[in-house]
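Just below is one structure, and these are the notes that go with it.
Values in this text are rule-based calculations from the coordinates and carry no lab data. Since the structure is predicted, the reported quantities are computational estimates derived from the model, not experimental observations. Ideal geometry is used to build each Cβ from the backbone, glycine not excepted, and the neighbour counts take in all protein chains shown.
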Amino acid sequence: MGDFNVLSHKKFILKGILLFLITGMLVLFLGRFLTPKFLYMDMWPTTSTHLGFYQMEKDTIDVLFLGSSHAVSAFNPQELYNQYGITSYNLGSEQQNLVMSYYWLKEALRYQSPKAVILECYFLFPYNTKEPLNTEEAFTRKSLDYMRWSSVKREAVHTVCSIDEKQSVLSYYLPVIRYHARWKHLEENDFTLQETGRHYELKGFTPLTWNSNAEYEPFIEGSSTECESMEELMKEYLKKMILLCQNNGIELILVKTPSVYQDIGRYNAIREIADEYQLLFYDFNEKELYEETAWDFAVDNVDQGHVSLCGSVKLASRLGKILQDVCKIESRADEQWESTRQYYDQVQKDIRLRTEEDFCEYLDMLDDPRYVVFMAVKDEASKALDEEMISGLKKLGLDAALAGQSWCSYIAVIAPGTVTEKAEYGKLEEIGTIRKGRSSYTINSAGFEHGNSCSVLIDGTEYAVNHRGLNIVVYNQTSKKVIDSVCFNTHEESCSASR
């Protein structure tokens, strides 16, 4: 009887352990899906940045970039490699405070042995004074969620929660606690991380493409002795980064990218600490360096603080020279950067497409297997079509059925291996799917006498400009997003473009 009781107790304990393990696995499994993901198709692709970093071969990165979104949009690893053969990775993230910069540097040193670290200095100064970490919890979590678990992450989590008592240590270990309400908003990317997480070709860089069109006057070094106070916690962690770099023989370079927020007071504060610790410091808001770089704020910035793709090319040129001549970092060939040249070229092409205003040049650029092209007519779109334009349409696999059909309705869908084209005097509609059925579209066209409108709906979102002429929407299947929407007024000889 006693043996029976012992056996019964053992079975009960084993069942309890098994239930505990199953529950734990389920919680971890749910946490994986519920944790927000910011991937390569997003403006600030923090998840892709961090997942990609762990895919890089050990000790192949010579330069690390750290900082907030000012760093993400400014420091372009592929451009630096293309110009100088210097291997780099951008570990910046949206509103990255210096606590997170420090811990990501500490984490990076577990895998890489960089010769230089470049820190963008925007977050050295007060940003969100209501928050103990200078940023809201959401941005700290963006920095930490996809860091691998190790002694570094454990230390980071406990440090964050000791500084910001509103945050819970347990919610970092078990993300389902923090993100349980997200189950109502799960989308495709939450279930395809294994597939989408492999896209980290830009190595942490985000290309921004619009222009600020703003006037900016750089300051002159020595024009004032004003010295703005740094945020004390940020200054403390800057010093921790300085010590960490010194202990590892790394050149720490302080950089401030062009921004209206940077003035002589902030410059003097950073200069003071740079001189104290004998650090290199380059402020591109200072008149001499600003002009030496041939910076044009209206074109090279997209807003008051973020650099455009064009500006990132200029920064890569200037910083590359510093890294080469001052830090003595040598050029080398590495397949991890060689293999992403084409992707970078494609990104640049997508950007050029968004600014192209010549109809024939535009049609020529559409011949790309990455694109699905939607065309729909509003009002009238055939009067100004000439032989060159018709030839351009036919090169895309169309019959150019629109030619000579005044005031008719017209729709076309051009996908790799498939072309749909209709031209009729009446309202037209086409419904279908792309990306192997993962995205749906509805395209409508109504000529002047049949409704005088057009529509291109993709996954329920309207993208057509809906002006008179040939409306074109371009969807990139690689980045899973619309990269341009334009209307060419092919009713008039000017064939003007409107976006």
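Observations on the model:
- Residue-normalised convex hull volume from the C-alpha trace of the chain: 202 Å³ per residue.
- Those residues of the stretch 343-374 whose amide nitrogen sits under 14 Å from the label point placed on Q55, 7 Å along Cα→Cβ: 343-344
- Linear extension gain, L280 paired with D334, 0.36 nm per residue minus alpha-carbon span: 16.7 nm
- Coupling constants for the stretch 112-123 follow from the phi torsions by the Karplus curve (6.51 cos²θ - 1.76 cosθ + 1.60, θ = phi - 60°), and in residue order they are 10, 10, x, 8, 8, 10, 10, 10, 7, 8, 4, 8 Hz; glycine and proline get x.
- Extension gain for S162-L243 works out to 27.0 nm (0.36 nm per residue, less the C-alpha to C-alpha distance).
- The lysines whose alpha-carbon is closer than 18 Å to the alpha-carbon of K142, local same-chain residues fewer than 8 away aside, are K37, K106, K153, K166, K203.
- Annotation for the stretch 165-232 versus the stretch 59-96: alpha-carbon center distance of 15 Å.
- Sorted ascending by nearby beta carbons within 10 Å, beginning with the fewest, F139, F374 become F139, F374.
- In sequence order, calculated HN-Hα J values of the stretch 32-39 (Karplus, 6.51, -1.76, 1.60; Hz; x Gly/Pro): 4, 7, 7, 5, x, 10, 10, 9
- Modelled spin-label separation between S406 and T129, with each label point placed 7 Å from Cα along the Cα-to-Cβ direction: 6.8 nm.
- With only the Cα atoms considered, the stretch 196-310 has a convex hull volume of 150 Å³ per residue.
- Exposure proxy order (Cβ contacts within 10 Å, fewest to most) of C487, C161: C161, C487
- Bridging of K383 to lysines at a Cα separation below 22 Å is possible for K394, K395, K422, K427, once same-chain residues fewer than 8 apart are set aside.
- Exceeding the 25 Å Cα-Cα cut-off - candidates K115/K481; K235/K328; K256/K314; K130/K184: K115/K481; K235/K328; K130/K184
- Point-to-point label distance, R110-A138, nm (Cα→Cβ direction, 7 Å offset): 2.8
- Residues S150, S93 in ascending order of nearby Cβ atoms (within 10 Å, fewest first): S150, S93.
- Using R0 = 22 Å, the C-beta based FRET efficiency linking T418 and K395 works out to 0.85.
- Label positions at Q348 and K427, each projected 7 Å from the Cα along the C-beta direction, are separated by 4.6 nm.
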